[in-house]
Amino acid sequence: MSTALIIIIAVVPSLVIAFTAFFIVKNFVENEQKKRILELKYDAKNATLPMRLQAYERMAMFLERIEPNQLIFRVNNPELTAYQMQTILLATIRSEYEHNLSQQVYLSAEVWDSIKNAKERVVNVINLSAGKLPDEAMANDLNVNILEAISSQSPTADAMLCLKREVALLY
């Protein structure tokens, strides 16, 4: 046999084994990396889950607190004028919203948008109800108008439903 043939017979199997070993090791390392990334994601998800649940709870509380029935009950003062009551109601909503603004980082964009829309609907109900009253109207007149305006549909109901659906996806 020629020397070239002997070298080919010796080198080709070695190259095949080397390439096979290389691809096996490469595949093993890639799988280990993927497994490690999944473990990190799982650990991160478990670490943030309590914070996310707390955010959902806080936003549910926010929606309950700006619900006109609850809001009027909490801040009602029959001695105020309708304008003063309107101002207090709007300031309370704004304060509650600003207090919970940071919770949006834990919520989906859909839920956050529905919460913002609910807040805007409550503000609109208050403003429209106040706009129907004469200048000398009292707080109770405004309260009655607001409660009549929401008698058929709560302005926060859709947002609460959206929030509950997203929480249900976590389980």
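Take K35 and decide whether it is surrounded by 11 or more Cβ atoms within 10 Å (Cβ to Cβ), assigned to a helix (DSSP H, G or I) and within 40 Å of the chain's Cα centre (by Cα).
Details: surrounded by 11 or more Cβ atoms within 10 Å (Cβ to Cβ): no; assigned to a helix (DSSP H, G or I): yes; within 40 Å of the chain's Cα centre (by Cα): yes.
Taking the combined requirement at face value, the residue does not satisfy it.
Answer yes or no: is there a residue in the stretch 94-108 that is under 25 Å from the mean Cα position of the chain (by Cα), buried (at least 16 other Cβ atoms within 10 Å of the Cβ) and among the small types (G, A, S).
no
Consider D113 carefully, then state whether it is modelled with pLDDT of 95 or more, open to solvent by 30 Å² or more (accessible area, probe 1.4 Å), assigned to a helix (DSSP H, G or I) and within 18 Å of F73 (Cβ to Cβ). Spell out the reasoning first.
Working: modelled with pLDDT of 95 or more: yes; open to solvent by 30 Å² or more (accessible area, probe 1.4 Å): yes; assigned to a helix (DSSP H, G or I): yes; within 18 Å of F73 (Cβ to Cβ): no.
Judged against the criteria, D113 is not a match.
Name every residue in the stretch 139-171 that is within 20 Å of Q54 (Cβ to Cβ), free of Cβ contacts under 8 Å to residues at least 40 places away in the same chain and not in a helix (DSSP H, G or I), in order of residue number.
Across the stretch 139-171, the qualifying residue is only Y171.
Free of Cβ contacts under 8 Å to residues at least 60 places away in the same chain, touching a helix residue (DSSP H, G or I) at 6+ places or on another chain (Cβ under 8 Å) and not in a helix (DSSP H, G or I): does that describe D135?
yes
For the stretch 50-99, which positions are in contact with an Asp or Glu (Cβ under 9 Å, 6 or more places away or on another chain) and aromatic (F, W, Y)?
Correct list: Y56, F62, Y83.
The values are calculated or read from the model by the stated rules, or taken from the named source; none is laboratory data. Because the structure is a prediction, the values reported are computed rather than measured. Using ideal geometry, Cβ is built from the backbone for each residue, glycine included, and neighbour counts are taken over all protein chains shown. For the accessible areas, the whole protein counts, side chains as well, though only heavy atoms, and no ligand, DNA or RNA atoms are used. Shrake-Rupley method; radii C 1.70, N 1.55, O 1.52, S 1.80 Å.
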